[in-house]
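Input: a single structure, listed below in structure tokens.
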Amino acid sequence: MFHRNKFVSNGNAIDLCLITADYKLAHLAQIVGIDRIMVDLERLGKSQRQAGQNLFLSEHREQDVQILRELLVDASLMVRINPLHEHSQTEIERILTYGVDIIMLPMFETASQVQQFVDQVRGRARTSLLLENKTALENLDSILQVPGIDEIHIGLNDLRLSLGLDIIFEILCLGLLDDPSRKIRQAGIRFGFGGVTSPTITHLPINPAYIIAEQVRLGSSLALLGRSFRHPFEQHPDIHLLKQAVESIHKCIEYWQQASTDEHLQNRTELQQAVLRWQAELH
């Protein structure tokens, strides 16, 4: 009998995170099993950094945090704050009054900045780092020495801008997350990145299953759901379609957790080819 060589993942489920301040959608999301809801309050420097990139710029407000805190029972409530600035402590204290579960810090660069963030939170919420620039990537070894980090997300869009790359998923094709993801997991810290959507969506330049496979291969246990997942449900919040979309992601995760090493290698090849085609279309 043929026994395929199974690829060994980290063995953990991948928690799904939906960025939304729409309380109706958030309510449906927790019903169908989305693990966390994120309110995005980041403003400082973001519009300048992403100018001309057609990327998501949040209009979420602090009032949304309060509304969602009262609503969410099964899903965790996460808030992305501004990068560190002179009033960060005041901002964090204000966010903590709403009883948030997780606070995410974007655009840090050094271990000292991470230490400042952890010290300001002081264990009153879980700490999440959004690693999204070249300097932070270069300083990862020292950053991982800071006690009190609960999880690290890799922000693919801003990181690829910082690295001078054209397309978000070039980072995966070039293997730039292989070493960082291994180091983060070895430090006992949860790791994840975004770009996840339902594999039933067929009009995207990159097959969603390719990205889910990379989540599994790299040992991710956290995934941000992308705009292509969120946008249809913001327009028409249908619980049955939302449930089907979430189930399709979970089934795809389960498939790739059982896939062989050869299947993962083939997936990397197909992802690279798809990215090259996308680049050719852009140029």
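Evaluate the relative contact order of the chain (contact order divided by residue number), counting alpha-carbon pairs under 8 angstrom at least 6 apart; express in whole percent.
Details: 464 pairs, mean separation 58.0, N = 283.
About 21 percent, as a whole number.
With +1 on the Cβ of every Lys and Arg and -1 on the Cβ of every Asp and Glu, and nothing else charged, how large is the dipole of region 145-283 about its Cα centre, in debye rounded to the nearest 20?
Numbers: 12 positive and 16 negative charges, 34 e Å.
Dipole size: approximately 160 debye.
Counting Lys and Arg as +1 and Asp and Glu as -1, what is the net charge of the other residues whose Cβ lies under 14 Å from the Cβ of residue 153? Walk me through the intermediate numbers first.
On the way: positive: 36, 80, 126, 185, 190; negative: 15, 35, 40, 42, 132, 150, 151, 158.
Computed value for this residue: -3.
Among DSSP bridges having both ends in the chain, what percentage is antiparallel? Round to the nearest 5.
Working: 1 of 31 bridges.
Looking only at bridges with both residues in the chain, the antiparallel portion is about 5 percent.
Are there chymotrypsin sites (Phe, Trp or Tyr not before Pro) in region 62-158 that DSSP marks as loop and that have at most 12 other Cβ atoms within 10 Å, and which are they?
Working: sites: 98, 108, 117; in loops: 98, 108.
Filter output for region 62-158: empty list.
Would you tell me the accessible area of residue 253, worked out with a 1.4 angstrom probe on the heavy atoms of the protein chains, in Å² to the nearest 10?
Surface open to solvent at residue 253 totals about 10 Å².
Quick one: how many Å² of residue 281 are accessible to a 1.4 Å probe, rounded to 10?
Rounded to the nearest 10, that gives 140 Å².
If you bin every alpha carbon distance in region 166-258 into 10 Å steps from zero, what whole percent lands in each bin?
15, 46, 30, 9, 0
State, as an integer percentage, the relative contact order of region 120-239 based on alpha-carbon contacts under 8 Å between residues 6 or more apart.
On the way: 141 pairs, mean separation 26.7, N = 120.
Relative contact order of region 120-239: 22 percent.
Residue 119: accessible area at probe 1.4 Å, nearest 10 Å²?
80 Å²
Which order do 87, 283, 264 take when ranked by solvent-accessible area (1.4 Å probe, heavy atoms of all protein chains), largest first? The partial results should precede the final answer.
On the way: 87 105, 283 155, 264 5 Å².
Sorted by accessible area, descending: 283, 87, 264.
For residue 15, list long-range residues whose amide hydrogen, built 1.01 Å from N in the peptide plane, is under 5 Å from its own amide hydrogen.
Correct list: 222, 223.
Taking θ as phi - 60°, what are the ³J(HN,Hα) couplings along region 124-133 by the Karplus curve (6.51, -1.76, 1.60), each to the nearest whole Hz, with x for Gly and Pro?
Computed from phi, the couplings for region 124-133 are 7, 8, 6, 9, 10, 9, 9, 7, 8, 8 Hz.
Once you charge only the Cβ atoms, +1 for Lys and Arg and -1 for Asp and Glu, what is the size of the charge dipole of the chain about its Cα centre, to the nearest 20 debye?
Numbers: 27 positive and 35 negative charges, 63 e Å.
Value, rounded to 20: 300 debye.
Carbon and sulfur: what percent of region 200-265's accessible surface (1.4 Å probe)?
Working: 1710 of 3130 Å².
Using a 1.4 Å probe with all protein chains present, region 200-265 comes out at 55 percent carbon and sulfur.
In units of 2.2 N^0.38 Å, what is the alpha-carbon radius of gyration of region 138-207? If you can, show how the numbers build up before the last one.
Details: Rg = 13.9 Å, N = 70, 2.2 N^0.38 = 11.1 Å.
Dividing the Cα Rg of region 138-207 by 2.2 N^0.38 Å gives 1.26.
The values are calculated or read from the model by the stated rules, or taken from the named source; none is laboratory data. As the structure is a computational prediction, the values presented were derived from the model and not from experiment. We place every Cβ from the backbone using ideal geometry, glycine too, and count neighbours over all the protein chains shown. What goes into the accessible areas is simple: the full protein's heavy atoms, side chains included, and nothing from ligands, DNA or RNA. Shrake-Rupley method; radii C 1.70, N 1.55, O 1.52, S 1.80 Å.
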